[in-house]
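Asker: Quick one: the structure is below, and I'll ask about it shortly.
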Amino acid sequence: MTAQLIDGKEIATKVYDEIKAEVAELKAKHGIVPGLATVLVGENPASQAYVSSKQKRCTEVGFHSIGEHLPADTPQAELEALVQRLNEDPSIHGILVQLPLPSHLDEERVLSLISLEKDVDGFHPINIGRLSMKGREPLFVPCTPAGCIELLDRSGIPIEGAEAVVLGRSNIVGLPVAMLLLHRNATVTICHSRTKDLPATCRGADILVAAVGRPEMVKADWVKPGAAVIDVGINRVDDPTRPRGYRLTGDVDFEAVKEVAGHITPVPGGVGLMTIAMLMQNTLNGAKRAAGLID
Ligand code: NDP
């Protein structure tokens, strides 16, 4: 292997340790305990698992947490009333509505009701709008994209001036990652399903972020020697040799690409571990901002 492994577990552990230390200081000096509310509607098992790991992390880092679990047939008005109550609750600094919501609910309307100051998922249209404007700063940045940048920064990979290629333009990953890279003065190309020559475009990248949801799509000859490759993809592929009958793989052909890249994230063990770490960081920042300790 020539590439240096970007170890998401090691970096996320560092982030959690730093947050724990800051929470202890906030409590001791200012009597503040950061608070996160999670809102889950329905019984989607994956969403239940995500929410419970977020709450577990809250406990570990010393946050206060509230877990609201509503039935799948909850009317829009009831969900909106809950969000309003949490907006007004001074012990809560972050509100996370777990997506996707059941199809009868208007997701965009619910997300836009979350107070801008508590939008720790970073999906409020104003936060996304600020992220897309030069010279403006969102109060919160979406967690998975923020995790990608954190991995680059903590691995000492320069962003300013780099040629960055982002594969994927979704609202939750591709687009915000591209905007963050642009904010940091990379030259950014965004690719999607209509891009004509993906391999050639990718070969120009010093930083290649793959967020397409296609198992092992990025091949070794798509990658510039020495490039930093950040693999956001989490795909299940059948594998009868595994007890569960499947394994998880990224959007990058890891085994081949690691022989060409300079840095690479594994799947699992890379970006996936950073998402909740960034959620905790956002919640801590929300608490500090509410107390006037940061802008
Ligand atoms: P979406 O399906 O919303 O978006 C996929 C994007 O990839 C689209 O922009 C699509 O283009 C593009 N795309 C799809 N197929 C191709 C192709 N063959 N060639 C070029 N572009 C293509 O996915 P998400 O952004 O939500 O997620 C991407 C991956 O990241 C998934 O594997 C997901 O599981 C993972 N993920 C991981 C997270 C984590 O680590 N915590 C969090 C969120 C997601 P177009 O716009 O033209 O349709």
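Asker: Rounded if a/c is under 1.5, else prolate if a/b is larger than b/c, else oblate: which is segment 44-134, with a ≥ b ≥ c the root eigenvalues of its Cα gyration tensor?
Answerer: In terms of gyration-tensor shape, rounded.
Asker: Taking the inverse of the average 1/r across all pairs of different Cα atoms in segment 89-161, what Kirkwood radius in Å do you get?
Answerer: Evaluated on segment 89-161, it is 13.9 Å.
Asker: Kindly work out what percent of the DSSP beta bridges joining two residues of the chain are antiparallel, to the nearest 5.
Answerer: Approximately 10 percent, going by the DSSP bridge assignments.
Asker: Cross-link list LYS20/LYS56; LYS54/LYS258; LYS27/LYS118: which exceed 24 angstrom alpha carbon to alpha carbon?
Answerer: In this structure, LYS54/LYS258 exceed 24 Å between Cα atoms.
Asker: In terms of modelled amide H atoms, which long-range or inter-chain residues lie less than 5 Å from the amide H of ILE92?
Answerer: Amide H to amide H, under 5 Å and 5 or more residues apart or across chains, ILE92 pairs with nothing.
Asker: Where does segment 185-282 land on the Kirkwood hydrodynamic radius, alpha-carbon pairs, in angstrom? Provide the component values of the computation, followed by the final result.
Answerer: On the way: mean 1/r = 0.0701 Å⁻¹.
The answer is 14.3 Å.
Asker: Same structure again: What list of ³J(HN,Hα) values in whole Hz, one per residue of segment 181-198 in order, does the Karplus curve 6.51 cos²θ - 1.76 cosθ + 1.60 (θ = phi - 60°) give from phi, with Gly and Pro shown as x?
Answerer: 5, 5, 4, 8, 6, 7, 9, 10, 10, 10, 10, 8, 5, 9, 5, 6, 10, 4
Asker: May I ask for the equivalent-ellipsoid semi-axes of the chain, computed as the square root of five times each C-alpha gyration tensor eigenvalue and listed largest first in whole Å?
Answerer: Its equivalent ellipsoid spans semi-axes of 32, 22, 19 Å.
Asker: Hey, another quick one. How compact and how long is segment 128-196, expressed as Rg and Dmax of its alpha-carbon atoms in Å?
Answerer: Cα radius of gyration and Dmax of segment 128-196 are 11.6, 36 Å respectively.
Asker: With a ≥ b ≥ c taken as the square roots of the eigenvalues of the C-alpha gyration tensor of segment 1-99, please select rounded if a/c is under 1.5 and otherwise prolate if a/b is larger than b/c or oblate if it is not?
Answerer: Oblate, because a/c is 1.5 or more while a/b does not exceed b/c.
Asker: While we're on this one: Among GLY129, HIS104, LEU198, which residue has its Cα furthest toward the positive end of the charge dipole of the chain, with +1 on Lys/Arg Cβ and -1 on Asp/Glu Cβ?
Answerer: So the residue we want is LEU198.
Asker: Work out how far the C-alpha atoms of segment 240-295 reach from end to end along every principal axis, then list the three figures in whole Å, largest first.
Answerer: 52, 32, 12
Asker: Explain nothing, just the number: dipole magnitude of the chain about its Cα centre with +1 on each Lys and Arg Cβ and -1 on each Asp and Glu Cβ, in debye rounded to the nearest 20.
Answerer: 300
The numbers here are math on the coordinates, done by the rules we state, and not lab data. Here the structure is a predicted model, which is why all the values come from computation and not from measurement. Virtual Cβ from ideal backbone geometry, glycine too; neighbours counted across all protein chains shown.
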